[in-house]
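Undergrad: Pasting a structure below so you can have a look.
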Amino acid sequence: MGARILVCDDEAGLREMLSVLLRRAGHRVTTAQTRAEALERLAEQRFDALITDLALPDGTGMEVLSGALDRDPSIQVLMITAYGGTEEAVEAMRRGAYDFVTKPFRNHELLALLDKALEKRRIVDENRALRETLGASFRAGSLIGRSPSMQAVMDMVRRIASARTSVLITGESGTGKEMVARAIHERGARAEGPFVVVNCGALPPQLMESELFGHERGAFTGATQRTDGLVRAAEGGTLFLDEIGELPADLQVKLLRVLQDRRVRPVGGQREIEVDIRVVAATNRDLEADVEAGHFRRDLFYRLNVIRLHLPPLRERVQDIPLLCAHLVEKHCALAGRPPLELSDAARRWLLEQPYPGNVRELENVVERAVTLARTDTIELEDLPRGAEDRAPDPGAVAIGPGFDIDAYLGAIEKRILLRALDEAGGVRTEAAKLLGTTFRSLRYRLAKYDIGGGDEPASDD
């Protein structure tokens, strides 16, 4: 369905010509002869675009422009002016008009200009809807979600942000543990201080102590000057220790000292230095099991685990995927210098059906690739990694090893299929059962298994 266009001009012939032209282009057209009549039409309904003459018998097009923008700031306005009135038309653009055309004009040029104006309208409306959705569901940096599990995480972030207490963030790789740590930092009293990231699994063991705690000049071969270390670099801010489970045993003792006394001793140093930091740690390991196995100090675990935040995997918060996709498409379009792209229905369904063993990080990689490869203003199925010929999750892409849960993996696939069937059946469970080739009784059992409600309930279970 075309756009809703209001045409305001006191020349009956021009109004009629524009009405025919625009209706042939598929638009719905309303006309007005005067300023008062145009303002009355604007008060009655919402229009996507306004085409108005600059000179009207009872006022000016500027007054119509102001009235239109007051009611709907995203309405696109084209001003029509006689030759020589371009100075006033430029002033109209300064006040918010999209552009102007001078009489006499060519029909195809007017239509091309209108198409560009309507495209701007669509983008503005989509961006506003995205901001409203993200605002309603909470957003701190790139921390986004409206599922109950993520809402619980976000509520905890709000509650603990201004405390000094240590926090341990757990969750699978790619769930966004660093983003949560940044959200805690940015929403708290230390937001103006540094946020220092230390990947405990990436530092070479022989350099880890001096990197963390600093060293004095001459403390070891090659130490030609003293350094403060990453712990002191976080002074007044937050020290984020990622992959804390990879920290060697000897450094676990020294980190415990920092947490207990808020003091650090550089390698080769004779005195301890006070530090004012907050420690947030993260791991994808089962630290409790590591403690029982003797791989991680129990006292350090208790110091870090004052507040625990667990991030659910993406497969357990499927309802967040559309919101994350919208955010990631906008983000990577902006980074690539492209206008906002849309997702086709087929692409959106494919994205909802994937198990995402790599979680949000994997989803972002998929979206970034799609934005890069999209040839039109819409992301199609062929722009996604496996294309239209293979829409099923690829078992070969799943990382099988310690911590892998086959029941959870297969359950996530089954849940996506159930949700898709319900969506295609319009929420009618009897129709969904037919689409899946199963009985209503079997479908009802599966829906209850995954706590999926809604839909119809026939008298018979057959």
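Bear in mind that the values in this text are calculations on the coordinates, not laboratory data. The structure displayed is predicted, hence computed values, not measured ones. Neighbour counts are summed over all protein chains in view; Cβ atoms, including those assigned to glycine, are modelled from backbone coordinates with ideal geometry.
Undergrad: Rounded to whole Hz and in sequence order, give me ³J(HN,Hα) for the range 203-220 from the Karplus expression 6.51 cos²θ - 1.76 cosθ + 1.60, θ = phi - 60°, writing x for Gly and Pro.
TA: After applying 6.51 cos²θ - 1.76 cosθ + 1.60, I find 6, x, x, 6, 10, 4, 4, 5, 5, 6, 9, x, 8, 8, 4, x, 5, 7 Hz.
Undergrad: Going by how many other beta carbons lie within 10 Å of each one, how would you line up 273, 406, fewest first?
TA: Listing 273, 406 from fewest to most nearby Cβ atoms yields 406, 273.
Undergrad: Testing the spin-label approximation: label points 7 Å from Cα along Cα→Cβ at residue 352 and residue 319. State their distance in nm.
TA: Each label point lies 7 Å from its Cα, and together they span 1.3 nm.
Undergrad: Next up: Rounded to the nearest 0.05, what FRET efficiency do residue 307 and residue 43 give with R0 = 60 Å and r taken as the Cβ-Cβ distance? Could you check?
TA: 0.65
Undergrad: For residue 343, enumerate residues with amide H under 5 Å from its amide H, sequence gap 5+ or separate chain, H modeled in the peptide plane.
TA: Hits under the 5 Å cutoff: 379.
Undergrad: Quick one: which residues, 5+ away or cross-chain, put their amide H under 5 Å from the amide H of residue 56? H built at 1.01 Å from N.
TA: 61
Undergrad: Let me ask something additional. Tell me which of 96, 357, 5 sits at the most positive position along the dipole axis of the chain, charges placed on C-beta atoms (Lys, Arg +1; Asp, Glu -1).
TA: 357
Undergrad: Also, I was wondering about something else. Identify, among 169, 221, 249, the residue whose Cα sits farthest towards the positive end of the charge dipole of the range 141-312, taking +1 on the Cβ of Lys and Arg and -1 on the Cβ of Asp and Glu, with the dipole about the Cα centre.
TA: 169
Undergrad: Round to the nearest 10 and give me the degree value, 0 to 90, for the angle of helix 406-424's Cα axis relative to the longest principal axis of the chain.
TA: 10 degrees
Undergrad: If you look at just the Cα atoms of the range 155-220, how large are its Rg and its Dmax in Å?
TA: Using the Cα atoms of the range 155-220, the pair Rg, Dmax is 15.1, 48 Å.
Undergrad: Hey, another quick one. About the Cα centre of the chain, what is the dipole size in debye to 20, counting +1 per Lys and Arg Cβ and -1 per Asp and Glu Cβ, all else neutral?
TA: 1060 debye
Undergrad: How many times 2.2 N^0.38 Å is the alpha carbon radius of gyration of the range 314-388?
TA: 0.99
Undergrad: With Cα extents along the principal axes in Å in mind, check [x] 69, 54, 46; [y] 105, 60, 41; [z] 91, 69, 37 and report the label derived from this structure.
TA: [z]
Undergrad: Suppose we flag GluC sites (Glu not before Pro) only when DSSP calls them loop and at most 10 other Cβ atoms lie within 10 Å. Which is the longest uninterrupted stretch of the chain? Show your work: numbers first, answer last.
TA: Numbers: sites that count: 192, 389.
Excluding the exposed sites themselves, the longest stretch runs over 193-388.
Undergrad: Calculate, for residue 271 and residue 249, the FRET efficiency according to 1/(1 + (r/R0)^6) with r their C-beta to C-beta distance and R0 22 Å; round to the nearest 0.05.
TA: So the FRET efficiency works out to roughly 0.30.
Undergrad: Would you work out the charge dipole size for the range 233-319 about its Cα centre, treating the Cβ of every Lys and Arg as +1 and the Cβ of every Asp and Glu as -1, and quote it to the nearest 20 debye? Mind dumping the intermediate values first?
TA: Values: 14 positive and 15 negative charges, 38 e Å.
Computed charge dipole of the range 233-319: roughly 180 debye.
Undergrad: For residue 165 and residue 226, what does the FRET efficiency come to when R0 = 35 Å and r is the distance between their Cβ atoms, rounded to the nearest 0.05?
TA: It comes out at approximately 0.65.
Undergrad: What is the set of long-range amide H partners of residue 77 at a cut-off below 5 Å, with H atoms built 1.01 Å from backbone N?
TA: HN-HN under 5 Å from residue 77: 50, 98, 99.
Undergrad: Fewest to most neighbouring Cβ within 10 Å: what's the order for 105, 195? Kindly include the intermediate steps, with their values, before the conclusion.
TA: Values: 105 12, 195 19.
If I rank by nearby Cβ atoms, fewest first, I get 105, 195.
Undergrad: Ok, one more. Quick one: net charge of residue 56's neighbours, Cβ under 9 Å, K/R +1, D/E -1?
TA: The answer is -4.
Undergrad: Please name which of 337, 78, 62 has its Cα lying farthest along the dipole of the chain towards the positive end, using unit charges on Cβ (Lys, Arg +1; Asp, Glu -1) and the Cα centre as origin.
TA: 337
Undergrad: What list do you get for 177, 449 if you sort them by fewest beta carbons within 10 Å?
TA: 449, 177
Undergrad: Charges at C-beta only: +1 for Lys and Arg, -1 for Asp and Glu. How large is the resulting dipole of the range 165-269 about its Cα centre, in Debye rounded to 20?
TA: 380 debye
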